[in-house]
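Novice: Shown below is the structure under consideration.
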Number of protein chains: 2
Amino acid sequence: MRCLYHFPLSPASRKVRLVLAEKRLPFELALERPWERRVEYLELNPAGTVPTLVEESGVVVPDSTVICEYLEEAYPETPLLGRSIGERVETRRLVAWFDGRFDTEVTQALLGQKHMRRMAGRGGPDAAVMRAGYVAIRHHLDYIGWLAETRRWLAGGSLSLADFAAAAHLSSLDYVGDVDWSVSPPAKEWYARMKSRPCFRAVLADRVAGIVPPQHYDDLDF
Amino acid sequence: MRCLYHFPLSPASRKVRLVLAEKRLPFELALERPWERRVEYLELNPAGTVPTLVEESGVVVPDSTVICEYLEEAYPETPLLGRSIGERVETRRLVAWFDGRFDTEVTQALLGQKHMRRMAGRGGPDAAVMRAGYVAIRHHLDYIGWLAETRRWLAGGSLSLADFAAAAHLSSLDYVGDVDWSVSPPAKEWYARMKSRPCFRAVLADRVAGIVPPQHYDDLDF
């Protein structure tokens, strides 16, 4: 069976879970705490990041961006990058935006400071970093809302990796109660559409020990 | 004419220059200092990072990873990702490694601290970060040497984006005198092969005001 080494609150892991489910590729999950730097895991993925995909054939694919490119090439039946070159540029641009800038400015600043640092035993949060994160998420929600208002899906007319990248970050942040959805009604409406997809079910059902998500977290009509 | 907005010491910019030249795609360069956050540039690339490629057709492609994927799809004549799915996974894994882990542990810690911070007016270097960078670069040179000894090129039998990603980082670091090539003779031999390629000429000829590279920098038999 195909196996994904993941960590539940990692947006990169969630993105790949959503993509695998959207492509209807069955897989099992193996929990990996990347900060433990397990030797067996570093042999699979020297970078030590989650997720890593191990195919039944033995092919090992680390890094969520590399995994998504791989899945597009190996299982093109449900295309998630777009068909035209312009669509593919825009999809990849937005994935890089969410996994780069959004991740640094928002996810690391909020989820990273509040929870990941503690779990990894690296001490408490830095309040100044978190304040900057709360400012940044408002701008990012506005941007997502603007994309959702002007296009059917974030990268254009078709559901794409850009939607899964954004939804993965937001779902992790929503789990810890850090998303104020009132900031952008169109972003909220887009996220409600994403949450209602069957591929989202397993992700929304996950629970992390010691952290209770807000009531609306898995409510499809939040 | 195709135009690449770049900054000379940025490894991401160098990687794309090398790839464009290797694919024999003519282009002109436009100097962009990303820390100035020029409004016109942010309209091209909201993330504000270098490089950004603007095609004669008007297509705008930001982000070096997105540009390289785009160039592979738009100009497949000189393939740099590998042909089999396994080769493509390994090439992309190593590109993510060099542009992710190597960039954080080495490039940001050395070039970033010593030069980019000063240029961007963000103050002087943090000595502890730099010390960690000098330790990390030795491990990374060993890893590159091990890859170069066990394979013809870094990702396998063919020259690939992995070689250009690694060579781009090392060439920027070499410009500021931060690469001790004696650490790994096979890494040095691989880099000498890279430097001798015609695509490298323009990059090696570049000079940055106020920083004189070491004598060996553009010497092909260093």
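The values are calculated or read from the model by the stated rules, or taken from the named source; none is laboratory data. A quick note: this is a predicted structure, and the numbers were derived from the prediction, not measured. Neighbour counts run over all protein chains shown; Cβ positions are idealised from the backbone, glycine included. SASA here: full protein model, heavy atoms, side chains in, ligands and nucleic acids out. Shrake-Rupley method; radii C 1.70, N 1.55, O 1.52, S 1.80 Å.
Novice: Just the residues that are more than 9 Å from chain B (Cβ to nearest Cβ) and closer than 15 Å to A:A136 by Cα, please, taken from segment A:72-105.
Specialist: If the condition is that a residue be more than 9 Å from chain B (Cβ to nearest Cβ) and closer than 15 Å to A:A136 by Cα, then A:F98, A:D99, A:F102, A:D103, A:T104, A:E105 are the ones that fit.
Novice: Could you tell me whether any residue of segment B:198-208 is in a loop (DSSP other than H, G, I, E, B) and β-branched (V, I, T)? Steps first, answer last, please.
Specialist: Initial filter on segment B:198-208 (in a loop (DSSP other than H, G, I, E, B)): B:206-207.
This time we only want the ones that are β-branched (V, I, T), so: none.
No, that holds for no residue.
Novice: Could we say that B:A155 is under 24 Å from B:E87 (Cβ atoms), crowded, with 21+ Cβ neighbours inside 10 Å and free of Cβ contacts under 8 Å to residues at least 60 places away in the same chain here?
Specialist: Taking the combined requirement at face value, the residue does not satisfy it.
Novice: A further question on this structure: Could we say that A:S172 is touching a strand residue (DSSP E or B) at 6+ places or on another chain (Cβ under 8 Å) and surrounded by 16 or more Cβ atoms within 10 Å (Cβ to Cβ) here?
Specialist: no
Novice: If I go through segment B:145-190 residue by residue, how many of them are among the basic types (K, R) and under 10 Å from the mean Cα position of the chain (by Cα)?
Specialist: The total comes to 0.
Novice: Something else: Residues that are in contact with a helix residue (DSSP H, G or I) (Cβ under 7 Å, 6 or more places away or on another chain): find the helices (runs of 4 or more DSSP H) completely inside segment A:37-139 holding 1 or more of those.
Specialist: Here the list reads A:64-74, A:85-96.
Novice: Let me ask something additional. On the given criteria, is A:A209 out of contact with any His (no Cβ under 9 Å at 6 or more places or on another chain), small (G, A, S) and at pLDDT below 95?
Specialist: yes
Novice: Hey, does segment A:213-222 have a residue that's aliphatic (A, V, I, L, M), part of a loop (DSSP other than H, G, I, E, B) and open to solvent by 10 Å² or more (accessible area, probe 1.4 Å)?
Specialist: Applying the first criterion (aliphatic (A, V, I, L, M)) to segment A:213-222 yields A:220.
Now drop any that are not part of a loop (DSSP other than H, G, I, E, B), which leaves A:220.
Subsequent filtering for residues that are open to solvent by 10 Å² or more (accessible area, probe 1.4 Å) retains A:220.
Within segment A:213-222, one or more residues are aliphatic (A, V, I, L, M), part of a loop (DSSP other than H, G, I, E, B) and open to solvent by 10 Å² or more (accessible area, probe 1.4 Å).
Novice: Please state which one of B:V66, B:V19 is within 16 Å of the chain's Cα centre (by Cα) and over 17 Å from B:D206 (Cβ atoms).
Specialist: Result of the check over B:V66, B:V19: B:V66.
Novice: Here is a check on your reading of the model: is B:R17 basic (K, R), in a helix (DSSP H, G or I) and under 20 Å from A:D63 (Cα atoms)?
Specialist: Numbers: basic (K, R): yes; in a helix (DSSP H, G or I): yes; under 20 Å from A:D63 (Cα atoms): no.
Considered against the rule, which asks whether it is basic (K, R), in a helix (DSSP H, G or I) and under 20 Å from A:D63 (Cα atoms), B:R17 comes out as no.
Novice: Taking segment B:177-197 on its own, how many of its residues are among the hydrophobic types (A, V, I, L, M, F, W, C) and in contact with a Leu (Cβ under 6 Å, 6 or more places away or on another chain)?
Specialist: Counting residues in segment B:177-197 that are among the hydrophobic types (A, V, I, L, M, F, W, C) and in contact with a Leu (Cβ under 6 Å, 6 or more places away or on another chain) gives 3.
Novice: Examine segment A:19-41 for a residue that is surrounded by 23 or more Cβ atoms within 10 Å (Cβ to Cβ), touching a Ser or Thr at 6+ places or on another chain (Cβ under 8 Å) and among the hydrophobic types (A, V, I, L, M, F, W, C), and state whether such a residue exists.
Specialist: No; the residues of segment A:19-41 include none that is surrounded by 23 or more Cβ atoms within 10 Å (Cβ to Cβ), touching a Ser or Thr at 6+ places or on another chain (Cβ under 8 Å) and among the hydrophobic types (A, V, I, L, M, F, W, C).
Novice: Kindly evaluate B:P11 against the criterion of being within 22 Å of A:A47 (Cβ to Cβ) and of a type outside the set (A, V, I, L, M, F, W, C).
Specialist: On the way: within 22 Å of A:A47 (Cβ to Cβ): yes; of a type outside the set (A, V, I, L, M, F, W, C): yes.
So B:P11 fits the description; yes.
Novice: Identify, by number, the condition in (1) open to solvent by less than 20 Å² (accessible area, probe 1.4 Å); (2) under 19 Å from B:H6 (Cβ atoms); (3) of a type outside the set (A, V, I, L, M, F, W, C) that B:H115 doesn't meet.
Specialist: (1)
Novice: So, one more: What number of residues within segment A:47-68 satisfy the criterion of being at the interface with another protein chain (Cβ under 7 Å from one of its Cβ atoms) and buried (at least 22 other Cβ atoms within 10 Å of the Cβ)?
Specialist: Number satisfying all stated conditions: 5.
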